[in-house]
Amino acid sequence: MLRVLVASLSAVFRVVNLFLPWHRLPISLSVANIVALQHDLRRRNLFSTERSPLKAPDPQGFDVRGFRTADGSYNDLSDPAMGMRGMRFGRNVPLKYTYGEKEPQLFTPNPRLVSSKLLARKEFLPVKSLNLLAAAWLQFMTHDWFSHGTNDAHRLIDVPLPDGDAWSEPGHKPGHISVQATFADALATEADAGMPAAFRNYETHWWDGSQIYGSTAERLVQVRSGPDGKITPGGRLYLEPNGRLPIDPANGVELSGLNISWWVGMSIFTGLFVREHNAIAARLKADYPTADDDWIFHKARLINAALMTKIHTVEWTPAILNTPTLRYAMRGNWWGVMGEAYERAYGRSGESDLIQGIPGSNHDHHTAPYSMTEEFISVYRMHSLIPDDVTFRRLNGNEFIETRTLQEMAGKRTPEVYDRMRVEDIWHSFGVAHPGLLKLHNYPNALRKFKEQDEPDAVGQVIDLATIDILRDRERGVPRYCEMRRLMRMRAPTTFLELTGGDEKTAKELAEVYADIEDVDLLVGCHAEPWPEGFGFSDTAFRFFIVMATRRIKSDRFYTDDFDDKTYTPAGMQWLRDNGLATVIARHLPELAHKVNRVTNVFFPWPMD
């Protein structure tokens, strides 16, 4: 009955939206409109690229029903390989639209020209309603969801420099910016002949804490073990005696599940949730004193991952999409229309995610086997959130300590920050600083000339990440802005002025770079279009969020069919009910309690005093 009602709503709102967008409707109607849009996108915008010979490994006695595997296998027990590490990224658009671009279209217009003329930061445009923790948290999350891994050093894409461009760095072809191509799928089969290229995820596709725990059995053991190779007792993750993360001997960067693109923002959240894992493990050990350490560890991982998922759903998302409609809708993903108070009073008993939220409902992959998608990765290219430098201040008194550039607090240089100040000072500094606005002319120049992390026997290459962002979408067959809007059932603009909502200055700038409105890249279009009031990113990007953000929970057995006392333990379910980011910070950094307890959302700016 409920599905029939939603389908009927979809038909109604498809007509309504021809004249009035969802965000201009009254709150009750706009929420219903979002539900209708989600229904349509789930039916029409999920496509599998999987033609893979990969099989899930033998669990060798591991309890796949009760615990997450290291590589993400056996989440779906009827299709054990679904979503595991090494499976392909899916698509949100029909595959015929996903062929990677070749020259000359690959360089039309020149990606470096887009970087210089439209993306490069002229002055820092802050989001004053958010703090810098919001930017750091997002990267912390994306390290869990997707990674294409290393690129192909033997296959370079040489982007010619525009006239007058003075770029000159070692490792690049003279007169060019040389970008390593994405590795082609080495496991392509005969069924792939004539099909667009597909790419594999270096991490698991599931929302399972991969950024902390890793996506291989070897990494899982490594983050649990000390320098002597012995696994830390009590089901805990290893921390140095001074409370810091250990150093990864492979690359000299702090050790975590995934430590590429590392900087202090990643470090503080990783350290915090390593401590949270250990606190959960201690609680479980007290409740189950006879349980072995492996049981404690894997249960703590389940609870810790679910807590991070809850925080992103009901705290980060309503902070960056700060409207009454979306605060209600996003919290509804977790608690349904009955709300948080109902769950606290009566628990979860319904099977409908609309009534009591997705956790505890029946899992549903909708129209394609579960995977992350290339298009979802594209709209999460939110590097403009990052400042070029961060000013650090003392927690007590807000006294200036120093300002560090992004390069000076990234990779192997991250521990230097902890040598100069206390971890509480770092958190305070991020809590009172702001991220950047996701608009044109606000891409950090620090990332447009950034030295990648050094490998043990190699010098990191200097890159222009803005150029790479544009190139990756074209290389991987992500449709451009106008085509993408049509494929996501949105109206495509016919002029630059229409795209910018009447902003003549921005329309002129776009026309100077793009010869045709159809050539505008997805990233550029999302940064140029006018946004709904209260939004932290574009309505175009939001379409992918509608379908994919909820799907990460709805497809996952550990958030649906097995989200219960049996799998998580009664103590674990209580931990999830009682905690959010504020309680986690206050537990491990009690000196910050007077900060986080005075804001309605930890991602809002903290008080200075």
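The values are calculated or read from the model by the stated rules, or taken from the named source; none is laboratory data. Keep in mind the model is a prediction, meaning the values are calculated, not measured. Here the Cβ positions follow ideal geometry from the backbone for every residue, glycine too, while neighbour counts run over all protein chains shown. We work out accessible area using only protein heavy atoms, side chains counted, and drop any ligands, DNA or RNA first. Shrake-Rupley method; radii C 1.70, N 1.55, O 1.52, S 1.80 Å.
Only residues that are touching a Lys or Arg at 6+ places or on another chain (Cβ under 9 Å) and either open to solvent by 10 Å² or more (accessible area, probe 1.4 Å) or free of Cβ contacts under 8 Å to residues at least 24 places away in the same chain (or both) were counted across the range 291-312, and they come to 3.
Comparison of Arg331, Arg348 shows that the only residue that is assigned to a loop (DSSP other than H, G, I, E, B), open to solvent by 10 Å² or more (accessible area, probe 1.4 Å) and of a type in the set (Lys, Arg) is Arg348. Scanning the range 570-595 for residues being open to solvent by less than 50 Å² (accessible area, probe 1.4 Å) and of a type outside the set (Phe, Trp, Tyr) gives a total of 16. Ala282 falls short on exactly one of the conditions (1) within 30 Å of Arg404 (Cβ to Cβ); (2) at pLDDT 95 or above; (3) open to solvent by 10 Å² or more (accessible area, probe 1.4 Å), and that condition is (1). Test each condition in (1) open to solvent by less than 30 Å² (accessible area, probe 1.4 Å); (2) modelled with pLDDT of 95 or more for Ile34 and report the one that comes out false. It is condition (2) that Ile34 fails. Per the listing Ile401, Ile377, Ile358, the residue uniquely in contact with a Lys or Arg (Cβ under 7 Å, 6 or more places away or on another chain), at pLDDT 95 or above and aliphatic (A, V, I, L, M) is Ile401. Within the range 326-364, being of a type in the set (Ser, Thr, Tyr) and more than 22 Å from the chain's Cα centre (by Cα) holds for Tyr342, Tyr346, Ser349, Ser352, Ser361. Consider the range 124-145. How many of its residues are closer than 26 Å to Pro607 by Cβ and either free of Cβ contacts under 8 Å to residues at least 12 places away in the same chain or under 21 Å from the mean Cα position of the chain (by Cα) (or both)? Total satisfying the criteria: 15. Taking the criterion of being among the small types (Gly, Ala, Ser) and either part of a loop (DSSP other than H, G, I, E, B) or on the phi > 0 side of the Ramachandran plot (or both), the residues of the range 152-196 that qualify are Gly164, Ala166, Ser168, Gly171, Gly175, Ala184, Ala186, Ala188, Ala193, Gly194.
Would a scan of the range 513-523 turn up a residue that is under 20 Å from the mean Cα position of the chain (by Cα) and either within 28 Å of Asn201 (Cβ to Cβ) or assigned to a helix (DSSP H, G or I) (or both)? Checked the range 513-523: at least one residue is under 20 Å from the mean Cα position of the chain (by Cα) and either within 28 Å of Asn201 (Cβ to Cβ) or assigned to a helix (DSSP H, G or I) (or both). No other residue among Ala286, Ala291, Ala300 is of a type outside the set (Lys, Arg), farther than 17 Å from Leu239 by Cα and assigned to a helix (DSSP H, G or I) apart from Ala286. Considering only the range 95-106, I want to know if a residue exists there that is assigned to a loop (DSSP other than H, G, I, E, B) and closer than 27 Å to Trp531 by Cβ. Checked the range 95-106: at least one residue is assigned to a loop (DSSP other than H, G, I, E, B) and closer than 27 Å to Trp531 by Cβ.
On the stretch given as the range 98-129, residues that are farther than 27 Å from Ser384 by Cα and crowded, with 17+ Cβ neighbours inside 10 Å total 0.
Scanning the range 570-609 for residues that are in a loop (DSSP other than H, G, I, E, B) and within 21 Å of Ala341 (Cα to Cα) yields Asn579, Gly580, Asn597, Val599, Thr600, Asn601, Val602. The sole residue among Arg155, Arg68, Arg112, Arg121 that is of a type in the set (Lys, Arg) and either more than 19 Å from Asp464 (Cβ to Cβ) or within 17 Å of the chain's Cα centre (by Cα) (or both) is Arg68. Quick check on my filter: what residues within the range 253-290 are touching a residue at least 24 places away in the same chain (Cβ under 8 Å) and over 16 Å from Gln211 (Cβ atoms)? Result: Asn278, Ala279, Ile280, Ala281, Ala282, Arg283, Leu284, Lys285, Asp287, Tyr288. Just one of the numbered conditions (1) open to solvent by 40 Å² or more (accessible area, probe 1.4 Å); (2) touching a Leu at 6+ places or on another chain (Cβ under 9 Å) is not true of Arg598: (2). Scanning the range 49-63 for residues being within 28 Å of Asp192 (Cα to Cα) and open to solvent by 40 Å² or more (accessible area, probe 1.4 Å) gives a total of 7. Among the residues of the range 459-472, those identified as open to solvent by 10 Å² or more (accessible area, probe 1.4 Å) and either under 17 Å from Pro444 (Cβ atoms) or modelled with pLDDT of 95 or more (or both) are Val462, Ile463, Leu465, Ile468, Arg472.
If we scan the range 114-122, do we find a residue that is of a type in the set (A, V, I, L, M, F, W, C) and touching a Pro at 6+ places or on another chain (Cβ under 7 Å)? Looking through the range 114-122, none of the residues is of a type in the set (A, V, I, L, M, F, W, C) and touching a Pro at 6+ places or on another chain (Cβ under 7 Å). Do the conditions hold for Gly226, that is, is it touching a helix residue (DSSP H, G or I) at 6+ places or on another chain (Cβ under 6 Å) and over 16 Å from Thr414 (Cα atoms)? When the stated conditions are applied, Gly226 does not pass them.
Could you please let me know if His366 is at positive phi and in contact with a Leu (Cβ under 7 Å, 6 or more places away or on another chain)? Here the answer is yes, as His366 does meet what is asked.
With Ala217, Ala181, Ala250 as the choices, which residue is out of contact with any Cys (no Cβ under 6 Å at 6 or more places or on another chain), open to solvent by 10 Å² or more (accessible area, probe 1.4 Å) and farther than 30 Å from Gly580 by Cα?
After applying the criteria, what remains is Ala250.
Just the residues that are in a helix (DSSP H, G or I) and under 20 Å from Thr467 (Cβ atoms), please, taken from the range 376-420. Result: Ile377, Ser378, Val379, His383, Ser384, Leu385, Gln407. Taking Asp519 as the residue in question, decide whether it is closer than 21 Å to Pro162 by Cα, of a type outside the set (S, T, N, Q) and surrounded by 19 or more Cβ atoms within 10 Å (Cβ to Cβ). Here the answer is no, as Asp519 does not meet what is asked. Scanning the range 422-438 for residues that are open to solvent by 10 Å² or more (accessible area, probe 1.4 Å) and more than 14 Å from Asn131 (Cα to Cα) yields a count of 3. Scan the range 64-90 for residues that are in contact with a Leu (Cβ under 8 Å, 6 or more places away or on another chain), touching a residue at least 60 places away in the same chain (Cβ under 8 Å) and open to solvent by less than 40 Å² (accessible area, probe 1.4 Å) and the total you get is 7.
Residue-wise test of (1) crowded, with 18+ Cβ neighbours inside 10 Å; (2) hydrophobic (A, V, I, L, M, F, W, C); (3) in a loop (DSSP other than H, G, I, E, B).
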{"residue": "Lys505", "(1), (2), (3)": "no, no, no"}
{"residue": "Glu509", "(1), (2), (3)": "yes, no, no"}
{"residue": "Gly525", "(1), (2), (3)": "yes, no, no"}
{"residue": "Phe537", "(1), (2), (3)": "yes, yes, yes"}
{"residue": "Phe542", "(1), (2), (3)": "yes, yes, no"}
{"residue": "Ile546", "(1), (2), (3)": "yes, yes, no"}
{"residue": "Arg552", "(1), (2), (3)": "yes, no, no"}
{"residue": "Asp561", "(1), (2), (3)": "no, no, yes"}
